[in-house]
Amino acid sequence: MQDLEQIKKDLVTASHIVHEQGLVGAFGHVSARIPNTETFLFPPRMSPALVRLDNLLVLDVEGHKLSGEGNPNTEFWIHARIYKARPDVQSVCHVHSPNCVAISSIGETVRPLHASGAILKDGVPVFEPITLIRSRELGDAVAETLGNRGAMLLRGHGANVADRDVRRACVTALWMEEAADYQLRALSAGKPRYFTVQELEHMYSQVSQEGVVNRAWEYFSSRV
Ligand SMILES: [Zn+2]
């Protein structure tokens, strides 16, 4: 099991990375489950750029604040209800990635056509209702749309990534935005050749390896 202090450090770093890489501005949030509990570390109501080790809150999956100063971001229900539905998920990134939002608005979803995009091989469902996720019911609906996958879009709003640790969730959010960027470029130039199921499986087996994700984390974390 990962050390809680390291999880907190990774959560702060990931928050700064998603800001530095343009996935969020004033809004958006990254969280981490406290291992083997139904509680999670969550930033107070502020930009991910301003998250620090000493201002993290602890919430539970029923939406209660257990510790920390100030109110949580109002969309904490995204995190709470994904953790409730998915005991395997250790970290959730909610971001407002520009290319993902654009893809969600043209009746499309992110479909891999470049190497790192293969991390999304299980598909990226789209949550259709146009709303902020500010209730338990909406949080449950988001978790239901995500199902057993690792990433989803919120139409006209952003994206959620859920994964087995903070580093992987953060890197997947970055790769999904990169995939959406390439997809829009390809769509503007012609007919994209999306990866076939076989191509996806093959590329996934390569890019999903711990060493590849770690190398990406090493690079992105060096920028903040
Ligand atoms: Zn949002």
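Readers should treat all values here as calculations from the given coordinates under stated rules, not as data from a laboratory. A quick note: this is a predicted structure, and the numbers were derived from the prediction, not measured. Neighbour counts are summed over all protein chains in view; Cβ atoms, including those assigned to glycine, are modelled from backbone coordinates with ideal geometry.
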- Task: Could you tell me whether region 152-160 includes any residue that is within 16 Å of the ligand (Cβ to nearest atom), among the small types (Gly, Ala, Ser) and part of a strand (DSSP E or B)?
- Result: yes
- Lone unmet requirement of (1) assigned to a helix (DSSP H, G or I); (2) surrounded by fewer than 24 Cβ atoms within 10 Å (Cβ to Cβ) for ASP122: (1)
- Looking at region 84-101, which of its residues are more than 12 Å from the ligand (Cβ to nearest atom) and part of a helix (DSSP H, G or I)? LYS84, ALA85, PRO98, ASN99
- Note on the structure: Counting only residues that are over 16 Å from the mean Cα position of the chain (by Cα), in a helix (DSSP H, G or I) and within 10 Å of SER15 (Cβ to Cβ), region 41-55 contains a total of 1
- Residue list for region 168-201, restricted to those being surrounded by 13 or more Cβ atoms within 10 Å (Cβ to Cβ) and farther than 21 Å from LEU153 by Cβ: GLU199
- Task: Might you let me know whether region 57-73 holds any residue that is under 16 Å from LEU154 (Cβ atoms) and either in contact (Cβ under 8 Å) with a residue 24 or more places away in the chain or assigned to a helix (DSSP H, G or I) (or both)?
- Result: yes
